[in-house]
Structures are given as C-alpha cells and as structure tokens.
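Presented below is the structure to which this report refers.
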C-alpha cells in the first residue's frame with residue numbers, strides 16, 4: 001500500500017500500540033514512524049513524562065512531540081500532562097485536541113503557552129480547585145480569543161470578570177461552554193469578538209454590578225443555541241441578551257427560581273416572556289415558583305389557566321412552611337435544526 005494509506009491508518013492507533021506493532025519491524029515502517037507527516041493520538045503515562053526523551057525506553061525516542069495531534073492522561077495524574085505541555089509547547093505545533101486539568105499554580109504558564117499551539121481546534125480546561133486564587137493579569141477568556149484555529153472550547157474554571165478585557169476578535173470559535181457563573185453583561189461584552197459563534201453554554205447566568213452593560217445595542221446574527229443551567233439574573237438583562245440574538249433557534253434554561261419576588265407575571269403574562277421567545281423554534285425553561293400562604297392556590301390556578309405552562313410537580317417544604325411549584329414552559333417545533 002502507499003505510504004499515505006499507512007499514515008491515515010496510524011491516526012487510529014494509539015501511539016504505544018503503534019510502536020509495539022511497527023517499531024523496529026523493518027526500515028520501511030521505521031521511516032513511516034519518523035515521518036514529519038505522521039499524526040498520532042497518545043494516552044500519556046507517567047513514564048512518558050519522567051524519562052529523558054533520548055533514552056531508548058522513552059516514547060519520544062521514536063515518536064516526536066511534533067507528531068502528536070491529540071493526547072490525554074492514562075490515570076488521575078492530570079497535572080503531569082500539564083507539566084508536559086508546559087515543557088514541550090514549542091513542539092506541539094500539530095496538536096488539534098487537548099484536555100487539561102490543572103492546579104492554580106499552572107494557570108499563568110498555560111495562559112502563556114496556549115497561543116503557541118497554533119493548530120489547536122478543541123480545548124477543554126478544568127481547574128481542579130475552585131478556591132485557588134491566581135495573580136494572573138490575563139484570563140483564559142482573553143487568551144482563547146487570541147488563538148487562530150480554536151473551534152470549540154470548554155472552560156470549567158471559575159475565572160474572574162475583573163480580568164483583562166483587552167479582547168481580540170476570533171473568527172474560528174463556534175462552540176463555547178463556560179462552566180462557571182457568568183453575567184449577561186459579560187456575554188454581551190464578548191459576543192462581538194466571536195462573530196462565528198453558534199453554540200453558547202453557561203453554568204449560571206447572574207448579575208454583577210461591577211461590570212456595566214454595554215451602552216450600544218449589538219446584534220449577533222450567528223448565535224443559534226443558548227443553554228443556561230441555572231438562572232440568577234434580572235429579567236431585563238436576560239431580555240437584552242435574547243434581543244441580541246435574533247437568529248436564536250434553541251433556548252434551554254434548566255432551572256429558573258422565582259423565590260417570592262415580584263417576577264411571577266413574567267411567566268403568567270403572555271405578553272411578556274411568551275412574546276420575547278415567540279420567534280425561537282425550540283424553547284424549554286424549567287421554572288421554580290416558591291410562594292407563601294394564600295399565594296399558593298392563586299398562582300396554581302393561574303398556571304393551570306396558561307396553556308403554554310405545564311405544572312410538573314407540587315410539593316411542600318414543612319420545615320419553613322413553603323410551597324414550591326415546579327413549572328415547565330415548553331414550546332417545541334417539529335422541525336429539527338442541526339448545529
């Protein structure tokens with residue numbers, strides 16, 4: 001078979017198995033393993049990092065770090081992989097996929113070397129401890145916008161919104177997941193710098209007074225999917241966010257609590273929330289009503305009178321004499337959209 005066919009096949013074989021099967025077999029396969037066109041996936045073990053690269057037992061004695069297109073750790077010692085990336089960042093020029101679980105002490109170093117991974121398309125970042133502080137002047141958010149090839153990114157890191165906001169525009173990012181608390185004002189601040197973004201997922205939408213809303217109105221024509229696990233923002237902030245994405249096709253909010261505040265009419269008045277999302281073909285919002293005393297029966301009857309609200313469950317919390325209504329607003333379109 002032509003060498004190009006073997007190089008394609010080798011992409012689907014884990015690098016240790018590849019070496020076991022083909023290294024020192026003959027000069028032809030040795031030349032393939034030494035080829036600069038070889039791309040491999042590696043499940044890294046501690047020995048691959050601890051042994052010097054030039055020793056005969058070292059993985060990198062046969063395969064060069066430049067040949068790696070993706071890698072992950074074999075066990076729970078994820079910080080070893082972080083140290084390897086920090087050490088060989090200049091060589092990982094063909095790496096396309098990377099998952100990093102790090103301690104706070106590694107953050108500054110990873111932020112510094114990420115722009116060196118020029119071919120990276122898929123990135124997952126997780127900080128092991130949420131309470132770990134860092135003195136970094138930059139943030140992962142500003143860093144990923146500087147990356148030229150990044151398409152999908154998940155940051156499971158509790159970054160601060162006080163970080164640098166000297167953003168650059170990224171035309172490659174299409175999917176972004178921020179598994180942390182994010183304000184609507186920050187979202188509206190960064191959306192203009194991701195014009196190709198199609199899918200945006202966040203953990204908690206909240207309000208932060210120290211980050212003011214942008215004064216100018218902005219329209220993002222490409223955003224199609226918005227998923228929020230927990231809602232803790234003001235309604236007007238959420239409304240501003242929805243208006244900024246006129247081509248939104250999928251909206252999912254897993255938990256929207258209304259704890260005895262004045263916002264019940266948002267979901268009970270069809271001229272408010274229903275009108276806001278009427279152009280979105282697929283909407284699912286789980287709403288938690290918590291009321292006291294006589295309000296329970298009143299709100300329950302109003303919910304039953306709204307055809308577009310479904311009463312999923314009712315239960316009493318006898319410890320604080322509070323009644324909770326779990327309500328689902330759902331509007332489904334039979335047409336399925338692919339993103």
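Is region 191-242 rounded, prolate or oblate when judged by the Cα gyration tensor, a ≥ b ≥ c being the square roots of its eigenvalues, rounded requiring a/c under 1.5 and prolate requiring a/b larger than b/c?
The shape class here is oblate.
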Find how much the distance from residue 37 to residue 297 grows on full extension, using 0.36 nm per residue of separation minus their present alpha carbon separation; answer in nm with one decimal.
86.6 nm
Taking the alpha-carbon centre of each part, the distance from region 85-114 to region 182-218 in Å is 26
Which order do the peptides 176-185, 199-208, 2-11 take when ranked by the mean count of other beta-carbon atoms within 10 Å per residue, highest first?
176-185, 199-208, 2-11
Cα convex hull of region 164-219: mean projected area in nm², to one decimal?
4.2
Could you work out how much longer the chain between residue 113 and residue 61 gets when fully extended? Use 0.36 nm per residue separation minus the Cα distance between them, nm to one decimal.
16.3 nm
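In nm, what is the difference between 0.36 nm times the number of residues separating residue 105 and residue 171 and their Cα-Cα distance?
Numbers: separation 66, 0.36 × 66 = 23.76 nm, distance 3.04 nm.
Between residue 105 and residue 171, full extension yields 20.7 nm more.
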What is the distance, in nm, between label points placed 7 Å from the Cα along the Cα-to-Cβ direction at residue 215 and at residue 152?
4.0
Assuming R0 = 45 Å, can you tell me the calculated FRET efficiency for the pair residue 25 and residue 79, based on Cβ-Cβ distance, to the nearest 0.05?
0.80
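Laboratory data are not the source of any read-out in this text; all were calculated from the coordinates shown. It should be emphasised that the depicted structure is a prediction, and the values quoted were computed from it without experimental measurement. Cβ: placed from backbone, ideal geometry, glycine included. Neighbour counts: every protein chain shown.
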